[in-house]
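Values in this text are rule-based calculations from the coordinates and carry no lab data. None of the values given here were measured: they were computed from a predicted structure. Every residue, glycine as well, gets a Cβ built from its backbone with ideal geometry; the counts of neighbours run over all protein chains shown.
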Amino acid sequence: MSSSVNSFNKSDLILQMERKSLNLSQETVAEAVDILLQEIINHAALDQRIEIRGFGVFTKKNIRPRKFVNPKTKEVSYLGETATMHFKASDKLLASHD
């Protein structure tokens, strides 16, 4: 596995999918990607694990509540529990980038 990771955003995904499917327009592919991403978000919000074979796994990670100090005023504040999305790429996807 290489140490450098290239970025791959939504427009790159749409472009790659459009190239792979010769008979679909960019608008159709963009709509399909939007639907897919919305479903991933909906399922993650319900704390469900999303696995796309050959691509990777999306999960929701909870970040514990914590306190912090404002360096200017020295006031102590508390931040409640938050959540973030986590993506683990499949071995097949990682191998295709080498």
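Would you please name the residue that is surrounded by the fewest Cβ atoms within 10 Å (Cβ to Cβ), looking only at residues in the range 18-52 that are closer than 21 Å to THR82 by Cα and small (Gly, Ala, Ser)? So that I can check it myself, show each step before the final result.
Of all residues in the range 18-52, those closer than 21 Å to THR82 by Cα come to 37-50.
Imposing the further condition that a residue be small (Gly, Ala, Ser) reduces the set to 44-45.
Numbers: ALA44: 19, ALA45: 10.
Within the range 18-52, the match that is surrounded by the fewest Cβ atoms within 10 Å (Cβ to Cβ) is ALA45.
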| task | May I ask you to list pairs of residues, at least six apart or on different chains, whose Cβ atoms are under 6 Å apart, with the first in the range 53-77 being over 30 Å from LEU93 (Cβ atoms) and the second being of a type outside the set (Asp, Glu) and assigned to a loop (DSSP other than H, G, I, E, B)? | result | PRO65/GLY80
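Can you tell me which of LYS67, LYS74, LYS60 is loosely packed, with under 10 Cβ neighbours inside 10 Å and assigned to a strand (DSSP E or B)?
On the way: LYS74 fails: assigned to a strand (DSSP E or B); LYS60 fails: loosely packed, with under 10 Cβ neighbours inside 10 Å.
Result of the check over LYS67, LYS74, LYS60: LYS67.
Would you mention how many residues in the range 1-50 are part of a loop (DSSP other than H, G, I, E, B), more than 29 Å from LYS61 (Cα to Cα) and in contact with a helix residue (DSSP H, G or I) (Cβ under 9 Å, 6 or more places away or on another chain)? Lay out the reasoning, then the answer.
Filtering the range 1-50 for residues part of a loop (DSSP other than H, G, I, E, B) gives 1-9, 21-25, 46-49.
Still in the list and also more than 29 Å from LYS61 (Cα to Cα): 21-25.
Still in the running and in contact with a helix residue (DSSP H, G or I) (Cβ under 9 Å, 6 or more places away or on another chain): 21, 24-25.
Number satisfying all stated conditions: 3.
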